[in-house]
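First up is the structure itself, then whatever we jot down about it.
Derivation of every value follows stated rules applied to the coordinates shown; laboratory data play no part. These numbers were taken from a predicted model, which means no experiment stands behind them. Neighbour counts run over all protein chains shown; Cβ positions are idealised from the backbone, glycine included.
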Amino acid sequence: MNKRSKYFLLLRILIYFVEVIVFYVLQSSLYRFFNLAGAMPNLLIILVVSSAYMRGWITGMTLGFFSGLLVDILFGNIIGVYAMIMMLIGYLTGFANRIYSKDDFTLPLVFTAVADFLYQFLYYVFEFLLRGKLDFSYYFRKIILPEIIYTVAASILVYKLLHMINHALDRNEFKEE
Amino acid sequence: MRRREKIRLRPKHGLIIGLVVCLVLILISFRFNKYLYPVRNAVGSAITPMQKGINIIGTYISDGLATLKSIEELAEENKRLKEQVDILSYENKLLLQNKYELDELRELYKLDQKYIDYPKVAARIIDKDTNNWYNVFTIDKGTRDGLSAGMNVIAGDGLVGIITECYYNHSKVRAIIDDKSAVWGMFLKTSDTCVVQGDLKLMEEGKLRVEFISKDAEVEEGYEIVTAHTSPNFLEGILIGYVTGIELDPSTMTKKGYLIPAVDFERLSEVLIITELKEPLLTEPPEEVSENEQEK
């Protein structure tokens, strides 16, 4: 890679780093003020899905891994669980990059919804199912569904924001080519 | 697309690497949980200030919004409280009136002691004229209570007026400040006589006219004037007021002045009626014809 690309890569990494931390902090501290029906939008999922969709599976995977890792360190008992889940999500969404179109804003919403569902489902599996609590329909109605709806709603704005950042970076990086 | 050679990382391989890393981490954290404490500590301590900052900002904003919301509630409450204040204010006025009445009754009681030799009946003013100063008013006692026309009415510190009409359960009183009222008065200190007349113009200033003071009378500012024994209608010795502004009237060669009544006519509400009538002196015609009507 030439110097310029390296520069931009580092810049992107820095931006991702900041995004992960900021999103996590917002997600956790603004719960009091923005929660509806006990649900809070899962900003990190939006980040992972959006980045994977815009940039591909490598970005998706690494972002997913580190987002999940952050959550793991601060919350989980066993480190690596969320890292794995998010990583998988990023990886799978990354394949959607092939059908990435700059102007499309609805596809990311769909992916976000699916990804969040997957995330929630796996969360449920690990935290509840394996402890014998089998009432999935209850969890679905009361917890999973509100969060999916709220997350998708939030992703309309968040994706737009991330898209703008990415677009700005792309424009500057490939200006001469 | 870049034209350089680069090692192609197949997605499948990437995934496998990633999964392996994760599993390793899981195993490590499973086994060596307590060694992870410093890691958690470090990361947590770095993140926490940011969370606190967001929290403070969020609280600040939400407090602001809550303030806006509660402004509406406060306006409602304010309206309610204002209404309550109005009601309480009204009740307070009633209480104050009661207090005035109490004070006046106390004063009358003192007065009662002063004019102890005259029998008296207490009454309340129930109807006043349109202006503040009571020149003709109605009291709530009448023939039923042993009153009759011509009886003197006093209050607080002095003379108020005289009953002009007496009905079954109420009576009409003309105050001395009325234009038509004339009282024969006497300076307490010197026994010089005079006439105290009500005057419509002076009523606003709270004064009465004093006339026909003997030009040789040695009277000064502030002397008390009481009802004279020569008065046909009024029992003698009742304080009327204090003289002021004495000057010589060139046309009648007598002194005249003004009188400030002892009674505060503006705030009158309780009076005493002396039920003893002045025995008419046969040598002088009465000052006014009083009517005595019986009403059922």
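Looking only at residues in segment A:56-73 that are among the aliphatic types (A, V, I, L, M) and in contact (Cβ under 8 Å) with a residue 12 or more places away in the chain, the one that is farthest from B:LYS34 (Cα to Cα) is A:ILE58. No other residue among B:GLY44, B:GLY64, B:GLY58 is at the interface with chain A (Cβ under 7 Å from one of its Cβ atoms), within 28 Å of A:LEU26 (Cα to Cα) and out of contact with any Ser or Thr (no Cβ under 9 Å at 6 or more places or on another chain) apart from B:GLY44.
Among helices (runs of 4 or more DSSP H) entirely within segment A:52-150, having at least 3 residues that are crowded, with 24+ Cβ neighbours inside 10 Å singles out A:57-75, A:81-94, A:106-127.
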